[in-house]
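One structure is given here, and the rest of the page talks about it.
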Amino acid sequence: METEEKISFFKRIKIAIFNLEKYSIFVTEKFSKALKYLFLLLTIVTIVLAISSMIQLTKEAQKLVQYVKSEEFPDFELKDDKLEATQKLDAYDEEYNTRLIIDTTENLSEEQLTQYKKETENAEYSVILLRDKIIYRFDSTLENGYETTYNNITSFLKTNELTKSKFIKDYLNTDNLFKLKMILGVYAFITIFMLNIISLLEDIVIIGVFGWIASKIAKVPLTIGKTMSLAIYSLTLSILLNVIYSIAYSFTGFEIKYFEVMYMIIAYIYIVASIMIMKEANRLAGEAVTVEGEVLKTSEEDNKEEEEEKEEKKENKKKKLPKDKAKNDENEEIPENQEGNIETEDDRKE
């Protein structure tokens, strides 16, 4: 049987997208197999997205490196965890929606700091370099940025003093830039994987509960665990489309409105369609199959029950006849009218 065969990962993808009539295979398997499929799919998807993100981050980092090397970027000196810059800077890159602010004024007012934070609110990436700390943001949706001290940077770079020329010579060379790419790749993979797993688990629960309700309405006996498995496979096409869209958006900025709504609708359609196909298959086979593959009732058994009910009705009507009449009629067939009921004398007169 196909349910007993070992189904490869890529064959599962094919079934999940193109063969809804084979979803009944998935409900006979343990939920752990569906989870294994999900994590493997998510790992491959995350690697692809991480590579895409690494390429974009590398391009952005390379542009930043060139900007730091330019004369427009002010000279600076970092000593005793205090930054001194020769001039203020407020730069914005429209291509990557990035803002860089440098102001090493001693005793900077709260009003000015609030103004700087406000300027970075809509930027995807932003860095504010102050005299004694750094405020940075890697996501425009964050309400507040992160703060760190220069001590963390000097400890990481293993130096107590740093100037612009030394920074360019010692840290912006080819080897360090390659290491930076690797760091960005690992960071992108971990970040994307964690965000995706949290988001997908939420989607699986929502779609699984929806599928369970749909199975109850369709009278297909599926447990909540089985509909969760179906939800994982139903999300396959949506996940792959999301990868394609994310890459296209990353490189071209092309945006599809209501993509998230379409993402969920596709999964809803898949799980409902698979449940209805199971129902139709059970009807055509003349049986209702449980999630463990056990037969509940066949059409032959249904017909037998109907015959038994008819016989029981006849026996009940015999009991209502007079005793002598019942004795006389034991060996003769009791006439029935067109409706299948026992004819009385009044019926025969009519």
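The values are calculated or read from the model by the stated rules, or taken from the named source; none is laboratory data. Predicted, not measured: the structure shown is a model, and the values here were computed from it. Methodologically, a virtual Cβ is constructed for each residue, glycine included, from the backbone with ideal geometry; neighbour enumeration extends over all protein chains shown.
For every residue, the table says whether it meets (1) surrounded by fewer than 17 Cβ atoms within 10 Å (Cβ to Cβ); (2) in contact with an Asp or Glu (Cβ under 9 Å, 6 or more places away or on another chain).
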site: THR227; (1), (2): no, no
site: LEU230; (1), (2): no, no
site: LEU235; (1), (2): no, yes
site: SER238; (1), (2): no, yes
site: ILE247; (1), (2): no, no
site: ILE256; (1), (2): yes, no
site: TYR263; (1), (2): no, yes
site: ILE269; (1), (2): yes, no
site: VAL272; (1), (2): no, no
Scanning the stretch 32-44 residue by residue, the ones that are closer than 16 Å to THR236 by Cα and surrounded by fewer than 21 Cβ atoms within 10 Å (Cβ to Cβ) total 8
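So which strands (runs of 3 or more DSSP E) are wholly in the stretch 63-154 and hold at least 2 residues that are in contact with a His (Cβ under 8 Å, 6 or more places away or on another chain), closer than 28 Å to SER165 by Cβ and of a type in the set (Val, Ile, Thr)?
Filter on the stretch 63-154 gives an empty set.
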Problem set entry | Filter pass, SER32 being assigned to a helix (DSSP H, G or I) and under 21 Å from the mean Cα position of the chain (by Cα) | yes
Among SER165, SER215, the single one that is polar (S, T, N, Q) and outside the structural domain of LEU235 (by TED's automatic domain parsing) is SER165
